[in-house]
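Trainee: Pasting in a structure now, in structure tokens, and then I'll have a few things to ask.
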Amino acid sequence: MSHTVHPLLKLTCGALSAGVLPSLGGALGYLRLGRFELLRPWDGSDSVRRSACYPLVPYSNRIAHGRFSANGQAQQLRGNFGDHPHPLHGLGWQRAWQVDGHSPQSCRLSLRHTACGIDAEDWPWDFVAWQSLVLSEEGLYLHLGLTNLGEQPMPAGLGWHPYFERQGELQLGFSAAQVWQAGPDGLPLKRTALPEAWDFSQPRAAGAVGLDNCFEGWDARASLYWPDAQVGLRLQAGPGLGHLVVFTPPAPADFIAVEPVSHLNNAINFPEPTAHGLVWLAPGASIERELRLLPASGNLENPA
């Protein structure tokens, strides 16, 4: 079966290297320290969900059945993930991004969405999104932004969806105050204290505890550590990424996902969406978020 060719933009700095896939959702194809894969590498397929990391824009995670109300009008989005009943992760991950600049250590991409025809069923407001990726000797710096080009206020959220290989006993560490319990449909039901099995304040093996939940009150720091390779990676989120979605699927899945995001899953359908991180952008207004991926050698004793 033939598939689309997706060119890689290559970034290098010292022992670090990264590959960017503009035509495949503006995703990362890989992030390496020497030969070690800090993110699960892209498998070369047409599926952005088999990439290393992709941007979430203009919202994160699920919107219940694609239905919500905004500016006094009912909205209905079309499904974007097979038979899944809830549209997922916005539209940026399913579009080709334009390359606006590329150097040996950085690149800048953009995506313009016009809410016309069938595209309006993905998001009913015009916007332009952009992202920059800069590689330094310290790590990879990610910057994601969105501007409302429409004539009405629009809800907006941003985030990233990085994947990590379950090599050996991959350890995960992060501190959070609470977690949202989800129903059978994957939507958040209630906010609770952390069950012991979901407490990663002391880094430990990620395992396959079946998480697909959104954590609140995290301190914008998380760590991954691969004991066999003695390599670690720190996630440092900038302001406005107050939620962390953690996905630990059961075997035979070969990965976990640790996703810094700006808002709660399905926040748009809560009585006060802005209390759960969603932002309302006036016409012409913008939202921007930042994330750093910082590799390290040796054990990461805590995520701070």
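All of the numbers you see were taken from the coordinates with simple rules; none came from a lab. In this text the structure is predicted, and so the values were computed from the model without any measurement. Note: ideal-geometry Cβ built from the backbone for every residue, glycine included; neighbour counts use all protein chains shown.
Trainee: Whole number please: convex hull volume per residue, Cα atoms of the chain, in Å³. Please report the intermediate quantities before stating the final value.
Mentor: Working: hull volume 40.1 nm³, N = 304.
Per residue, the Cα convex hull of the chain comes to 132 Å³.
Trainee: Taking 0.36 nm per intervening residue step and subtracting the Cα-Cα distance, what contour gain separates Thr192 from Ala229 on full extension? Mind showing how you got there, number by number?
Mentor: Numbers: separation 37, 0.36 × 37 = 13.32 nm, distance 3.55 nm.
Stretched fully, the Thr192-Ala229 segment lengthens by 9.8 nm.
Trainee: Still on this structure, I have one more. For Glu151 and His65 in one chain, what is 0.36 nm times their gap in residues minus the Cα-Cα distance, to one decimal in nm?
Mentor: Numbers: separation 86, 0.36 × 86 = 30.96 nm, distance 2.54 nm.
Once the chain is fully extended between Glu151 and His65, it gains 28.4 nm.
Trainee: Show the residues, 5+ positions off or on another chain, whose built amide H is closer than 5 Å to the amide H of Asn80.
Mentor: The list, which skips near neighbours in sequence, is Leu88.
Trainee: Here's something else I'd like to know. Tell me the net charge near Phe215. Cut-off is 12 Å between Cβ atoms, Phe215 excluded, with +1 for each Lys or Arg and -1 for each Asp or Glu. Write down the numbers at each step before the final one.
Mentor: Details: positive: Arg191; negative: Asp199, Asp212, Glu216, Asp219, Glu259.
Counting the neighbours of Phe215, the net charge comes to -4.
Trainee: Moving to a separate point now. Net charge near Pro271, counting Lys/Arg +1 and Asp/Glu -1 over other residues with Cβ under 15 Å of its Cβ? Display every interim value, and only then the final one.
Mentor: Details: positive: Lys190, Arg191; negative: Glu272.
Summing Lys and Arg as +1 and Asp and Glu as -1 gives +1.
Trainee: Here is a follow-up. Pop out the ³J(HN,Hα) list for the range 225-231 in order, Karplus 6.51 cos²θ - 1.76 cosθ + 1.60 with θ = phi - 60°, rounded to Hz; leave Gly and Pro as x.
Mentor: These are the phi-based 3J(HN,Hα) values: 9, 10, x, 4, 8, 6, 10 Hz.
Trainee: Using 0.36 nm per residue, how much length does the chain from Ser47 to Gln98 gain when fully extended, once their Cα-Cα distance is taken away?
Mentor: Stretched out fully, the Ser47 to Gln98 stretch lengthens by 16.5 nm.
Trainee: For the range 129-166 and the range 179-225, compute the distance between their C-alpha centroids and round to whole Å.
Mentor: If we compute the Cα centre of each part, the gap is 22 Å.
Trainee: Still on this structure, I have one more. Rounded to the nearest 20 Debye, what is the dipole magnitude of the range 86-223 about its Cα centre when Lys and Arg each give +1 and Asp and Glu each give -1 at the C-beta? Mind dumping the intermediate values first?
Mentor: Details: 8 positive and 16 negative charges, 19 e Å.
In total the dipole reaches around 100 debye.
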